[in-house]
Every structure is written in structure tokens, then in C-alpha cells.
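First the structure, in the form of C-alpha cells, and then the observations on it.
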């Protein structure tokens, strides 16, 4: 199993939106970065765990944990000329863009803020706290994962 962090802008799609979905599940779509696309295609697998992180808000913070419930498949929005994620260069026979499905499983009793993450020495090498690391999906090591989970109480999403 691998661990990930997925950034989302809560005014577009928030942790609470995910929790309120039927079965607390959604497709993670709209990725338009080749490096992240390659992670989705090659590395993100069923059962992997994902921190859901609110970005572009104050405070930026990890909100909860989701699990991958479906591995990569074509991002159908890339083929829809009426959608903001349409890509005329992508084709159904060899799709450029991919998505995957997640389901909310646990939430923290309080968000874990970026400021707090930066204050812990064991997390100083974490991609999220590095300057210039703007990828919307990032690897998290098992040591980082366990450390962050130990910062707060977790409860099952109901």
C-alpha cells in the first residue's frame, strides 16, 4: 500500500462535499499535469490511502483520509467540448488524462494545518512543505503518514 496527499480547493470541491456524496465516494478528476497523470496511471492503486488537503484557503490543512476504490481510467471530461477540462488533443483510443475513484474513510478531530506540519522536524522533507512543490497529488512516506495520523484523533466517517 502507498500513501498520497491530494490537494483540492474547497470552494470547488471540499472534504465535506466528499463526505456528503452517496457512499462518500467520488471520482478524482480534472488532473491536467503530466507528472501527476503518470502517478495516477502507474502508481496509485486500489486500497492506497489519501490525505485530502484543502489548498488556496486559510488555513491550508489536511481534512481527512480517503481510500482509492478504483484505479486509473480515462477522464471522460477530456472528451466533452462543453466541459472546462475538455482537451481536443485527447482521444478515447489513447486518452491523455486519467482519473481514479476515492471514498472518505476517516476524518481528523481538527484539521492538520500546513503551519503545524512545517513545525514538526520529522516532516521537514515532506513534499508538501517543500518550496516550489505544487503538484496536486504527492507521495507521502509511511513514516510521514504515521506521524501525521498521530497528531490528531481519527474517527470513522459516518
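Every read-out reported here was derived from the displayed coordinates using simple, explicitly stated rules and does not represent laboratory data. Computed from a predicted model, the values in this text were never measured in an experiment. With ideal geometry, Cβ positions are generated from the backbone for all residues, glycine too; neighbour counts draw on all protein chains shown.
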Only one of 70, 45 is surrounded by fewer than 17 Cβ atoms within 10 Å (Cβ to Cβ), part of a strand (DSSP E or B) and either in contact with a strand residue (DSSP E or B) (Cβ under 7 Å, 6 or more places away or on another chain) or at positive phi (or both). Can you tell me which?
70
Residue count for segment 140-153, restricted to those that are surrounded by 15 or more Cβ atoms within 10 Å (Cβ to Cβ) and not in a loop (DSSP other than H, G, I, E, B):
6
If you go through segment 80-98 one residue at a time, how many are surrounded by 10 or more Cβ atoms within 10 Å (Cβ to Cβ) and either assigned to a loop (DSSP other than H, G, I, E, B) or touching a helix residue (DSSP H, G or I) at 6+ places or on another chain (Cβ under 6 Å) (or both)?
10
How many residues does segment 51-67 contain that are more than 13 Å from the chain's Cα centre (by Cα) and either over 30 Å from residue 89 (Cα atoms) or buried (at least 22 other Cβ atoms within 10 Å of the Cβ) (or both)?
4
